[in-house]
Every structure is written in structure tokens, then in C-alpha cells.
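> Dropping a structure here in C-alpha cells format, bear with me for questions.
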Amino acid sequence: MVEINEADKKIQKELNAGTSAIVLLNIMDRAVKPMYGYQIARHIETSVEDMPMTHGSLYPILRSLESNGLLESEVEPSISGPPRRYYKITESGHETLKRWIKIWSQTKIFVDTIMEGEYDDTKY
């Protein structure tokens, strides 16, 4: 097992901060019906082997997306525990996601180009 130092934790936190919102918005965009937080977390866990997003960070991001009008929620009673807050994407959320996907693609190309050395380094 690889030991993670403070610098690793810092970069992971910074990367997660920007990518978690787009990931959650994308999940909600593809959802066929409203989902509650634990459902969303389970969906991520079953889709990705090593989930860099914690359950604790999921809920603040959902609330932030809602406060920005990208998601809306409704609380419904649950027979197996406390009431659940179900989230669904708004029209503004759909439009925002389209823009964010373009931004993500540009960012990914930029990072991949530099990391893979596909730029002309003879100029330097």
C-alpha cells in the first residue's frame, strides 16, 4: 500500500473540489428518477473502484448545487429510517452541465498534453 503524505492529500483535495460537482451533476443528469444522497454514493462506489470522494463531502456538494439552482430536492418519509432528501437536476443544471463538460474537456486536453509531453519542447 502506498503511503499518502500531506502534499498528496492537498492535491487530491484540490482536484476533488473541482471535479466532484461535475460528477454529481452528471449522475443526476443521467438519473431516470430523483435520488437521495446514499443512493448517489452507492452508485459512485459501484462505478469506481477507488472513490476519491467521501460520503461526508457528497452532501455539502449536493447542497451547494441546490443552492445554485442546479438541483432541486424534496424530502420524503422513509419506512426504513429518517426522511430522505431526493435530488433531481433542474433545467439550469442541464445547461450548466453542458458548459462544464466543455470546460472539463478543454482542461483534460491541456493536462494530458503537458503530462504526456505532446507539446513542442524544442522551443525551451
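> With the requirement that a residue be under 18 Å from ILE44 (Cβ atoms) and of a type in the set (Val, Ile, Thr), what does segment 56-100 give you?
ILE61, ILE89
> So, in segment 48-79, exactly how many residues are surrounded by 13 or more Cβ atoms within 10 Å (Cβ to Cβ) and acidic (Asp, Glu)?
The qualifying residues number 2.
> Return the total of residues in segment 25-47 being closer than 19 Å to ILE103 by Cβ, surrounded by 17 or more Cβ atoms within 10 Å (Cβ to Cβ) and out of contact with any strand residue (DSSP E or B) (no Cβ under 8 Å at 6 or more places or on another chain).
0
> Ok, one more. Please go through segment 42-73 and pick out each residue that is among the hydrophobic types (A, V, I, L, M, F, W, C) and at pLDDT below 85.
VAL48, MET51, MET53
> Sticking with this structure for a sec: Can you list the helices (runs of 4 or more DSSP H) lying wholly within segment 1-75 that have 1 or more residues being touching a residue at least 60 places away in the same chain (Cβ under 8 Å)?
6-30
> Say whether the condition of being among the β-branched types (Val, Ile, Thr) and within 15 Å of the chain's Cα centre (by Cα) is met by at least one residue in segment 84-92.
yes
> Here is a check on your reading of the model: is LEU97 part of a helix (DSSP H, G or I), touching an Asp or Glu at 6+ places or on another chain (Cβ under 7 Å) and surrounded by 10 or more Cβ atoms within 10 Å (Cβ to Cβ)?
In short, yes.
> Return the residue satisfying two criteria in turn: it lies in segment 76-91 and is part of a loop (DSSP other than H, G, I, E, B) and either in contact with an Asp or Glu (Cβ under 9 Å, 6 or more places away or on another chain) or of a type in the set (S, T, N, Q) (or both), and of such residues it is modelled with the highest pLDDT.
Here the residue is THR90.
> Ok, one more. Looking only at segment 8-18, which residues are exposed (fewer than 14 other Cβ atoms within 10 Å of the Cβ), over 20 Å from SER92 (Cβ atoms) and either of a type in the set (D, E, K, R) or under 12 Å from the mean Cα position of the chain (by Cα) (or both)?
ASP8, LYS9, LYS10, LYS13, GLU14, LEU15, ALA17
> Does segment 29-71 hold any residues that are in contact with a Ser or Thr (Cβ under 7 Å, 6 or more places away or on another chain) and more than 26 Å from GLU14 (Cα to Cα), and which are they?
none
The values are calculated or read from the model by the stated rules, or taken from the named source; none is laboratory data. These figures come from a predicted structure and were not determined experimentally. Glycine also receives a Cβ, built like all others from the backbone with ideal geometry; neighbour counts cover every protein chain displayed.
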